[in-house]
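Below: the structure, in structure tokens.
None of the figures in this text is laboratory data; all of them are computed from the coordinates on show. Remember, it's a predicted structure, so these values are computed and weren't measured experimentally. Because the Cβ atoms are built from the backbone with ideal geometry, glycine has one as well, and the counts that use them run over all protein chains shown.
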Amino acid sequence: MPTPVSDEALRAALATVNDPEIRRPITELDMVDSVSCSPEGEVAVTILLTVPGCPLKDTLRTDTTNALMRVDGVTSVAVTLGVMSDEQRQAMRAKLQGPARVVPFSQPSNLTRVYAVASGKGGVGKSSMTANLAAALAAEGLAVGVVDADIYGFSIPRMLGVEHPPTQVDEMILPPVANDVKVISIGMFVPGNQPVVWRGPMLHRALEQFLADVFWGDLDVLLLDLPPGTGDIAISVGQLIPNSEILVITTPQAAAAEVAERAGAIAVQTHQRIAGVIENMSWLELPDGTRQEIFGSGGGRTVADSLSRTIGTEVPLLGQVPLDTELREGADRGTPVVLSSPDSPAAVAVRAVARTLASRSRGLAGRRLGVTPTGR
């Protein structure tokens, strides 16, 4: 007669199953309503979805089945999917976010590095850099999130290949995950290609909601794709996440570099740090190995040196990214070039910048270290 499968073994297996959106064990989230096993090894388990019509319910069913089938003595698994009650959802939200609505990245104990990706003007590849840096950082093993803060010109969902909308659990928003990056954008909430026509206060409120109401979990890095210039969103980022750092994107062209300096110089007024400058579209590599500098040269270095003088500390030129048709093609099809063609010229340059950012340890400012002074 087969050895009975213990409830502890079943629960231990279920603890290895993560909710595909929240990325926490379903046992920790109280999503396991019941689980039992017959003497013949037939398991019946009921999992409570956070909301009806969960877009990843099939993934959850498959992961649950696979985890339980690995338990010795289990011969079959029948998964029933239910739905949490309002009270259960509220309890889960309180467990994840706490009772108060706050921007987690502004809290002294938070260790997430926040980079606001800025440019003085449009068309310099700011969003492409954001998407590829995010994918490259995630490939380095970091937990990464992206806020598409370019409310009027949102493009991050397409560039990162987001395939389904966010899920809302009461007032908590679960961001979709694409290429191991959590993503939120106003483009996920407007039908079709409809424009967003908002003024300053509404822009601030949208950004605040993306930061406070979205469940990001424990991120290593959060990237914000800012709109061009030094307008409302750039100011709001400085207010809502004062510890965020600015990544300035420019091209080699002198006119673009002059405008990019202004975008970086906003750090003086908002008291933010500048993480560095990335020069995009630096040159075109020709078949014979030579480089054609289509937009001139030196813009990135000029911006870095100028900002260094303005803020009184060194601002590094983090990298120069060449023109590369594979980067553009990857953005159009939702597959970042750092993943689809990691050895292409642009991908190599972006991955080098990502490694530099990844090597920076998460901050300890304001963190309680659990030490107390000893008495004399």
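The table below gives the values:
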| read-out | value |
| --- | --- |
| Nonlocal amide H pairs with Asp170, under 5 Å, H built at 1.01 Å | none |
| Relative exposure of Tyr152, Tyr115, judged by other C-beta atoms within 10 Å (fewest first) | Tyr152, Tyr115 |
| Taking Met84, Met281 and counting other C-beta atoms within 10 Å, the order from fewest to most | Met84, Met281 |
| Backbone HN-Hα couplings from phi across segment 287-294 [Karplus 6.51/-1.76/1.60, Hz, Gly and Pro as x] | x, 7, x, 7, 10, 9, 8, 5 |
| Assigned charges on the beta-carbon of Lys, Arg, Asp, Glu; the chain dipole about Cα centre (debye) | 1200 debye |
| Dipole magnitude of segment 9-97 about its Cα centre (Cβ charges: Lys, Arg +1; Asp, Glu -1), debye to nearest 20 | 260 debye |
| Amide H within-cut-off set for Ile274, under 5 Å, with H built and near neighbours excluded | Ile246 |
| Per-residue ³J(HN,Hα) for segment 214-224, Karplus 6.51 cos²θ - 1.76 cosθ + 1.60, θ = phi - 60°, Hz, x for Gly and Pro | 7, 7, 8, x, 8, 8, 7, 9, 10, 10, 10 |
| Listed candidates [x] 20.4, 59; [y] 23.6, 81; [z] 20.8, 73 - label of the one calculated as Rg and Dmax of the Cα atoms in Å | [y] |
| Reachable lysines, given that their alpha-carbon falls under 30 Å from the alpha-carbon of Lys57 and they are not under 8 places away in the same chain | Lys95, Lys182 |
| Estimated 222 nm signal from helices in the chain, with DSSP H stretches of n ≥ 4 weighted -39500 (n - 2.57), rounded to 500 | -10500 deg cm²/dmol |
| Alpha-carbon centroids, segment 11-70 and segment 281-335: separation in whole Å | 47 Å |
| Amide H contacts of Asp33 (H built 1.01 Å from N, under 5 Å, at least 5 apart or other chain) | Thr46, Ile47, Leu48 |
| Proxy reagent accessibility, fewest Cβ within 10 Å first, across Leu133, Leu96 | Leu96, Leu133 |
| Residue-by-residue Karplus 3J(HN,Hα) for segment 269-280, coefficients 6.51, -1.76, 1.60, Hz, glycine and proline x | 7, 8, 6, 9, 8, 10, 6, x, 10, 10, 9, 9 |
| The chain: relative contact order as a whole-number percent, Cα under 8 Å and 6+ apart | 17 percent |
| Sites Gln107 and Asp288 - FRET efficiency at Förster radius 56 Å, r taken between beta-carbons, to 0.05 | 0.55 |
| Leading residue at positive end of dipole, segment 192-309 (Cβ point charges), from Gly289, Ser236, Leu222 | Ser236 |
| Of Gly122, Pro165, Asn18, farthest towards positive along the dipole that unit charges on Lys, Arg, Asp, Glu beta carbons give the chain | Gly122 |
